[in-house]
Amino acid sequence: MAFDIVSILISIIGGVIITAPVLWIVGRMLVGATNAKFTDAIMIVVLGSVASAVVGLFLPGIVGSIAQLVVLLYLIKKYYECGWGRPSPSRSSRSWYS
């Protein structure tokens, strides 16, 4: 896989148009409107696209796919300020898991 800046830009633009609104809506449902902002969703998609291209360049195959998934989950956790499978402390009283 060659490092092509045009394909990365197309991936970022397509991701922002398609993925960012979906990620924002799901984030608002899971962590609330205070933690899930649309700009956070855009940053997750942009950084996720760039990280996906870099990880895919160095780690091809199934290992690269798993690494890309881990990077994307880390970005979601960082920007939406949530935990790994548990609701955030601000949502503990109105949790969907109880």
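Using 0.36 nm per residue, how much length does the chain from Ser7 to Lys37 gain when fully extended, once their Cα-Cα distance is taken away? Each step should come with its number before you reach the end.
Numbers: separation 30, 0.36 × 30 = 10.80 nm, distance 2.68 nm.
Gain in length upon complete extension: 8.1 nm.
Which shape class applies to the range 5-80: rounded if a/c is under 1.5, otherwise prolate when a/b exceeds b/c and oblate if not, where a ≥ b ≥ c are the square roots of the Cα gyration tensor eigenvalues? Oblate, because a/c is 1.5 or more while a/b does not exceed b/c. Sorting 61-72, 22-33, 45-56 by average packing, meaning the other beta carbons within 10 Å per residue, from highest down gives 45-56, 22-33, 61-72.
Using C-alpha pairs below 8 Å separated by at least 6 residues, the relative contact order for the range 5-80 is 33 percent.
Bear in mind that the values in this text are calculations on the coordinates, not laboratory data. Only a predicted model underlies this, so the values are computations on that prediction, with no experimental measurement involved. In this analysis, Cβ positions are derived from the backbone assuming ideal geometry, glycine residues included, and neighbour counts consider all displayed protein chains.
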